[in-house]
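Down below is the structure, laid out as structure tokens.
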Amino acid sequence: MIELGFIHGRFQLFHNDHLKYALLAKEQCKKLIVGVTSPENATLIREEIDPHRSEAASNPFTYYERFNMIKAALLEAGVSRADFEIVPYPIERPEILYNYVPLNATSFFTIYDKWGYEKLERLKSLGYKTVVLFDNREKKMCSTDIRQKILENAEWKHMVPNAVYEYITENNLTEKIIHLLKK
């Protein structure tokens, strides 16, 4: 078993497929680090390979809000708090990533597109060990679709862990999404 593993993503909002990704990685390591990419919404760096990821409407939640969603979902899924950490992970600035996740950690990947391959190559070039959990699989769930459902007042509760749904509704974060998407 791998001692220290990590996953990363924007998690704008943390949905059921994100939870499956985290749990699949956690099965293979003793301790899991969850890296939250684009942690500073005010300083988003445009990635030409995936420009959508830097748009304000694609990034409604702060790092703190995403931290709380992820923590609540993992705890609800039965992962001990001692077995995971959540850190900022500015993938857009590869030269500083070692400040957040040690180079001896193994990165677990799910690849859906060119951006996934780009990230894989970035981390390999930095010296991280990488494990591709699945490659070129069709995305079954997307945060963009969930945010759109929230805007349209459509059903979305079944798409996210219950703890995430509760966090978003209890903190009235649906209004934040609606406001950004109506701009």
With all protein chains present and a 1.4 Å probe, the order of F61, F67 from largest accessible area down is F67, F61
Long-range Cα-Cα pairs in the range 69-140 (distance over 18 Å), rounded percent:
51
Filter on K71/K157; K30/K176; K71/K140 - keep pairs with C-alpha separation over 29 Å:
K30/K176
With the full set of protein chains in place, find how many percent of the accessible area of the chain is carbon and sulfur; take the probe as 1.4 Å.
50
How many nm is it between the label spots at T144 and K31, if each spot is 7 Å from the Cα in line with the beta carbon?
3.6
Beta bridges by DSSP in the chain, antiparallel share as percent, to the nearest 5:
0
At a probe radius of 1.4 Å, what is the per-residue accessible area of Y112, in Å² to the nearest 10?
70
I need the Debye-formula profile for the chain: one equal scatterer per C-alpha, no solvent, reported as log10 I(q)/I(0) at q = 0.12, 0.16, 0.17 1/Å, two decimals.
-0.54, -1.00, -1.13
From the helices alone, meaning DSSP H stretches of at least four residues, give me the mean residue ellipticity at 222 nm for the chain, per-run term -39500 (n - 2.57), in deg cm²/dmol to the nearest 500.
-11000 deg cm²/dmol
The range 58-183: relative contact order in percent, alpha carbon pairs under 8 Å with at least 6 residues between:
25
Where does the range 127-166 land on Rg/Rh, using Cα atoms and the Kirkwood Rh?
1.16
Once both label points are put 7 Å beyond Cα along the C-beta direction, the L133-Y64 separation in nm becomes 2.8
Which residues' amide hydrogens lie under 5 Å from the amide hydrogen of S107, considering only partners 5 or more residues apart or on another chain, with H built in the peptide plane?
F6, K129, T130, V131
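The values are calculated or read from the model by the stated rules, or taken from the named source; none is laboratory data. None of these values were measured; they are calculated from a predicted model. Please note: Cβ atoms are built from the backbone with ideal geometry, for glycine as well, and neighbour counts cover all protein chains shown. Quick note on the areas: whole protein, heavy atoms, side chains included, nothing else; ligands and nucleic acids left out. Shrake-Rupley method; radii C 1.70, N 1.55, O 1.52, S 1.80 Å.
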